[in-house]
Amino acid sequence: MKKAFILLTILMLSVLACMVSGCGEKKLNVSTTTLRLNKDGSITHAIIDDNPSGYTQDELLTYVNGLISSYNTDPEQPAVKLEELTVSGDGTSIKIVMDYLSWYDYTYFNNVPFYVGSIKNALNEGYDFSAVFSADSGLKLSGYTLPAEYPDLNVMVLKEAMDVILPSKAIMISDTVAGNENGAYTVSKTINENVPEVFQTTNSQYSYLIFKNTQN
């Protein structure tokens, strides 16, 4: 009876730990820069890049931890966490994996345009969906014809070029996004304000991925 009670206590503690830490999500193991939107709305971001400044691992760790400490205002519930940081043996490349409590924290920590939420709220935030969209059916929509009244649809809006993993399959993607063989979506560069129009590869200022809301 005592053993059964101990086992039950351990099980309850394990479940509680999972609820707090979000242990249902697998470790993000990728070879290219990738952003994953988790089912609970948190963000995991892996940066795989060159190391032109020649940072050592200790130098980079000190720098990143300093940024995180400056951003986190609540030590009991940090909004940004460092999961992994490595510099290759020859010092030419880096890998940094970060966890963000929400899309808001990703946006403001990195100071980049980024949004996750309802289509209606995205329009209210000023994202005008001025892009061409494609769906599995081959349907193409542009601009304000998007179904803003659908409460069960969310959209991710971003400007950076990288791979994206969603909690559910995208229903529509803009012309700067393509599916890849790993089940993720590859986001290419959007319009560059510093490049003449004749050299632009797209007329989209942002990339859009529309998907079913998994938090209902």
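Worth a mention:
- Enumeration of residues in region 158-173 that are closer than 15 Å to residue 205 by Cα and touching a strand residue (DSSP E or B) at 6+ places or on another chain (Cβ under 6 Å): 158, 161, 173
- Scanning region 86-103 for residues that are over 11 Å from the mean Cα position of the chain (by Cα) and of a type in the set (Ser, Thr, Tyr) returns 86, 88, 92, 93.
- Those strands (runs of 3 or more DSSP E) of region 51-157 in which at least 3 residues are of a type in the set (A, V, I, L, M), under 26 Å from residue 176 (Cβ atoms) and at pLDDT 85 or above, considering only elements entirely within it, cover 93-100.
- Residue pairs meeting the criteria (Cβ under 8 Å; at least 6 apart or on separate chains; first over 20 Å from residue 29 (Cα atoms), in region 44-61; second assigned to a helix (DSSP H, G or I)): 55/63
- Residue check, residue 32 within 22 Å of residue 182 (Cα to Cα), modelled with pLDDT of 90 or more, among the hydroxyl-bearing types (Ser, Thr, Tyr) and surrounded by fewer than 16 Cβ atoms within 10 Å (Cβ to Cβ): yes
The values are calculated or read from the model by the stated rules, or taken from the named source; none is laboratory data. Only a predicted model underlies this, so the values are computations on that prediction, with no experimental measurement involved. So basically every Cβ, Gly included, is an ideal-geometry build from the backbone, and we count neighbours across all protein chains shown.
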